[in-house]
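The values are calculated or read from the model by the stated rules, or taken from the named source; none is laboratory data. Please read all numbers here as calculations on a predicted model, not as lab measurements. Ideal geometry is used to build each Cβ from the backbone, glycine not excepted, and the neighbour counts take in all protein chains shown.
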Amino acid sequence: MNKYNTHQFRHVCPRSCYSTCTMYSYVENNRLVHLNGDPNDPYTKGKLCSKGFAYKERNYHSDRIKFPYYQKVKGSGNFKQITWEKAFELILSQMINIHQRYNHFQPLGFYKGTGNLGVHHFVTEDFFYSLDQTTRIVGSSYSNGGYDAIQDDMWITQVSDCSLIKKSSMIIIWGANPSVTNIHLTPFIIEAKAKGAKVVVIDPLYTQTAMLADLYIQVYPSTDGALANLLIKGLFEANELDKRFIKEHTSGFDHFLEQINRIDKQDYLLKCGVSEEALSIMLSWLKDAEAVSHIIGNGLQQHSNGEHNFRAINALAVAYRVIGKKGSGVFFKSNRNMIFNNQLLSQKTELKNRFLTIDKMNEINPYLSNYVPIEMMWISCANPLIQEPNPKLFSKCLQRIPFVVTVDQFITPTALMSNLVLPTTTHFEEVDIMVSLWHKGIALNEKAIPPYAKCKSEWNIMRELASRINKYDSNICSFPIHSSEEEYLNAQFNEKVSDLYHIQSISDLKEGVATPIQSTIVKNDEPSITEIFHFESLNGQQNGNSPISLFTEGKMPTKDFPFWLITPHSPYALNSQFQFLHLDEEKESFAWIHPKAAKEIGIYNGEVIKIYNERDCIEIKAVYSYQVPKDILMIYQGWYPNSEININQLVSMDKEQPASEKLYDTFVNVGKL
Ligand SMILES: Nc1nc2c(c(=O)[nH]1)N[C@H]1C(S)=C(S)[C@@H](COP(=O)(O)OP(=O)(O)OC[C@H]3O[C@@H](n4cnc5c(=O)[nH]c(N)nc54)[C@H](O)[C@@H]3O)O[C@H]1N2
Ligand SMILES: Nc1nc2c(c(=O)[nH]1)N[C@H]1C(S)=C(S)[C@@H](COP(=O)(O)OP(=O)(O)OC[C@H]3O[C@@H](n4cnc5c(=O)[nH]c(N)nc54)[C@H](O)[C@@H]3O)O[C@H]1N2
Ligand code: SF4
Ligand SMILES: [Mo]
């Protein structure tokens with residue numbers, strides 16, 4: 001406190017971003033007056049992005065929801081302001097009605113997004129898993145099949161401390177755009193470069209990150225595995241592979257190598273669109289490199305063969321000088337860093353919950369007696385009508401569900417398609433803990449100001465609802481009733497958190513970011529690992545597939561839809577958040593198109609064109625750009641609310657697998673209006 005009565009509080013940005021920046025707020029008379037980054041943050045060193053600096057504006061934005069709202073007809077916008085008491089009454093009567101008819105809660109669906117990844121916000125999981133048999137709706141952000149599979153056997157990710165990237169002598173960036181999405185990594189890359197490291201960026205788009213590269217490889221989408229296989233082949237032929245390490249720590253290498261030897265180099269180069277010269281530059285740099293870092297982004301994960309591409313890179317890393325060397329590693333954003341009790345709930349297989357993809361949810365036929373339809377839906381931290389593929393289908397599903405509740409801070413298109421909208425607090429108005437999915441730091445978020453207007457924290461919403469359910473019947477909801485947010489959060493600590501971080505409660509986070517106790521895998525630059533890397537997936541063998549570390553072709557454009565549509569993450573938004581603050585100069589959504597491709601169709605720069613496929617057709621401004629190749633269009637995802645265009649109308653979805661497997665496997669055609 002000072003003469004102006006300014007109070008300082010510690011916060012952490014809860015967005016689904018790599019950095020998880022810690023910051024300080026300064027509060028006078030219960031109002032935020034200033035924010036700045038925490039200079040002692042070991043990863044971000046006090047720097048925030050433009051969105052981080054805009055939090056005060058976001059917090060007091062005139063569009064922030066102040067009260068609970070109810071509308072009978074979803075999508076009508078005919079919202080009536082109601083009290084919390086009335087809101088709980090409506091929810092409770094729906095839930096009781098369901099329970100009375102079914103004796104369980106399967107008709108109650110919940111869909112959670114990544115809008116806020118704080119431990120506090122996993123209270124939704126906690127609540128819904130504490131009821132008997134609810135239904136979890138699985139969307140694109142819920143599961144990352146490729147990542148998950150890799151994490152199961154890629155123990156090498158446990159070795160990696162991303163700040164050691166500065167010690168790398170070669171950095172290979174596959175399908176990630178850290179200059180936009182992970183800005184705090186850039187100084188580490190630049191530091192390594194200054195010491196002589198070579199940086200290779202592999203991306204179909206010439207991105208802001210590619211501009212930093214010593215070598216930029218414009219790979220053909222979804223073919224990174226072919227390049228990774230060619231690199232292993234080249235290193236083997238040059239007798240450079242780490243034979244001792246391979247013998248001691250891997251299985252299936254000989255069979256894998258047999259197949260690698262059969263690869264036709266020219267055929268593979270053609271497949272991935274890489275020149276012989278680029279391949280030989282990469283090989284020569286690899287041979288000279290002491291420590292190699294592979295940074296893998298969403299670009300790989302978003303293709304149907306992403307898992308294979310990922311594994312092919314991992315195989316390269318295992319076979320060549322990555323393990324056990326400081327400044328080496330395979331780095332990616334990993335959900336497995338979520339280790340607090342409520343974050344682990346969705347992985348517990350003994351819980352009797354039903355998991356449904358959106359497509360499956362749509363297929364549920366209310367007239368079939370053995371299928372339980374969704375009758376009530378709870379949406380939190382999510383804006384699926386913008387972020388999910390096929391938003392029209394999602395909207396249709398919501399329309400059919402009798403009672404939809406959305407908890408948010410703003411009236412999004414998803415909130416507009418809900419019956420009840422519940423206003424919730426921001427991270428300045430609640431206590432929370434954040435675990436970084438990238439650098440693994442854990443930080444405390446203090447409550448600095450009271451909840452805005454009638455907003456309630458998500459913990460408070462769930463707790464009040466659970467208390468009301470208990471009054472009706474004390475046997476149907478086992479959600480623990482704690483007396484404060486702090487107490488609830490303290491109950492989420494466990495042995496793993498304690499072992500990895502030496503922290504037992506939020507009071508251990510008061511002094512700053514907790515970082516994991518260093519892995520014992522690297523000792524004096526010598527790896528000490530007990531696990532084995534399998535070049536051949538055991539699952540794959542059982543199914544008669546080829547070894548999974550081998551490149552497998554993915555989906556390809558067709559004659560009717562010859563362009564790839566890549567829809568990556570934009571610099572001035574965080575998925576569907578922040579767009580309304582207009583932090584960028586662009587005021588509307590646009591599509592990058594290569595001038596040559598545009599001229600062949602007679603499209604001029606700035607012309608409004610149509611982009612279409614079998615799913616839908618959108619109208620959008622074409623912008624000439626040499627940053628895209630001739631057969632790719634780029635549109636940033638998440639434009640809302642300053643655009644009528646929703647690119648996810650064109651994006652495909654798989655019935656069986658979570659949609660994230662293939663967001664970038666979208667093929668379109670282009671035409672004049
Ligand atoms: N500013 C900002 N930062 C963010 C976000 C945001 O919306 N805005 N979102 C956050 C979230 S939720 C996430 S998941 C991360 C995502 O972070 P990143 O993984 O860095 O981002 P993406 O934009 O999904 O895609 C990265 C790159 O992959 C390329 N790509 C597409 N297909 C392929 C391919 O087959 N091979 C290769 N090699 N490259 C390919 C794309 O052209 C793109 O440049 O960023 C986080 N950080
Ligand atoms: N075409 C295309 N689509 C994509 C992607 C892509 O690359 N291309 N990326 C995908 C990826 S990687 C991701 S992670 C998803 C992200 O998509 P979503 O999971 O939907 O995430 P956001 O758009 O960041 O935020 C969703 C909502 O959360 C709200 N919110 C923020 N804080 C809170 C809070 O504390 N409580 C509650 N209840 N709500 C809050 C925000 O206001 C926002 O409306 O999108 C996916 N969709
Ligand atoms: S969005 Fe990312 S870079 Fe920006 S303040 Fe939040 S964590 Fe930091
Ligand atoms: Mo994401």
| task | Could you list all residues from the range 374-389 that are more than 26 Å from Q133 (Cβ to Cβ) and either within 16 Å of ligand 4 (Cβ to nearest atom) or surrounded by fewer than 21 Cβ atoms within 10 Å (Cβ to Cβ) (or both)? | result | N383, I386, Q387, P389
| remark: Considering the range 562-621, residues that are farther than 30 Å from Y55 by Cα and of a type in the set (S, T, N, Q), and then whichever is farthest from ligand 4 (Cβ to nearest atom), we arrive at N605
| If N103 passes every condition in (1) touching a helix residue (DSSP H, G or I) at 6+ places or on another chain (Cβ under 8 Å); (2) surrounded by fewer than 16 Cβ atoms within 10 Å (Cβ to Cβ) but one, which one does it miss? | (1)
| query | Looking at this structure, is G46 without any contact (Cβ under 8 Å) to a residue 40 or more places away in the chain and assigned to a helix (DSSP H, G or I)? | reply | no
| request: Please specify each residue of the range 607-644 satisfying the condition of being out of contact with any Leu (no Cβ under 8 Å at 6 or more places or on another chain) and of a type in the set (V, I, T). | output: I620, V623
| query | Could you say which residue among Y60, Y24, Y18 is more than 9 Å from ligand 3 (Cβ to nearest atom) and within 17 Å of I433 (Cα to Cα)? | reply | Y24
| field | Cβ pairs under 6 Å, 6+ apart, first in the range 569-594 and near ligand 1 (Cβ under 8 Å from one of its atoms), second not in a helix (DSSP H, G or I) and not basic (K, R) | value | S570/Y636; Y572/L583; Y572/D584; A573/G638; N575/G638
| query | Taking the range 231-257 only, how many residues are modelled with pLDDT of 85 or more, outside any helix (DSSP H, G or I) and either of a type in the set (K, R) or under 26 Å from V274 (Cα atoms) (or both)? | reply | 4
| said: Scan the range 126-137 and tell me whether some residue there is at pLDDT 95 or above, among the charged types (D, E, K, R), in a helix (DSSP H, G or I) and away from ligand 3 (no atom under 16 Å from the Cβ). | reply: yes
| query | Which of the residues spanning the range 588-600 are surrounded by 13 or more Cβ atoms within 10 Å (Cβ to Cβ), modelled with pLDDT of 95 or more and farther than 16 Å from W564 by Cβ? | reply | P595, K599
| query | Within the range 548-579, which residues are of a type in the set (G, A, S) and out of contact with any helix residue (DSSP H, G or I) (no Cβ under 7 Å at 6 or more places or on another chain)? | reply | G554, S570
| said: So, in the range 195-212, how many residues would count as being touching an Asp or Glu at 6+ places or on another chain (Cβ under 9 Å), aliphatic (A, V, I, L, M) and over 18 Å from P568 (Cα atoms)? | reply: 3
| In the range 116-138, residue surrounded by the most Cβ atoms within 10 Å (Cβ to Cβ) [restricted to those that are within 21 Å of the chain's Cα centre (by Cα) and more than 17 Å from L489 (Cβ to Cβ)] | I137
| said: Suppose the filter is within 16 Å of ligand 1 (Cβ to nearest atom) and in contact with a Ser or Thr (Cβ under 7 Å, 6 or more places away or on another chain); does Y43 pass it? | reply: yes
| note | Quick count over the range 595-624, residues being of a type outside the set (V, I, T), free of Cβ contacts under 8 Å to residues at least 60 places away in the same chain and assigned to a strand (DSSP E or B), is 6
| message | Here are the criteria: (1) crowded, with 22+ Cβ neighbours inside 10 Å; (2) not in a helix (DSSP H, G or I). Tell me which single one T414 does not satisfy. | response | (2)
| task | Output the residue which, of all residues in the range 418-441 that are under 13 Å from M338 (Cβ atoms) and not in a loop (DSSP other than H, G, I, E, B), is farthest from the chain's Cα centre (by Cα). | result | I433
| remark: Here the qualifying pairs (Cβ atoms under 9 Å; residues six or more apart or on different chains; first in the range 393-410 and among the hydroxyl-bearing types (S, T, Y); second part of a strand (DSSP E or B)) come out as T406/M377; T406/W378; T406/I379; T406/S380; T406/L420; T406/V421; T406/L422
| query | Are any of the residues in the range 159-166 under 17 Å from S328 (Cα atoms), part of a loop (DSSP other than H, G, I, E, B) and modelled with pLDDT under 90? | reply | yes
| message | Tell me the residue from V180, V200, V219 that is surrounded by 18 or more Cβ atoms within 10 Å (Cβ to Cβ) and farther than 21 Å from K271 by Cα, please. | response | V180
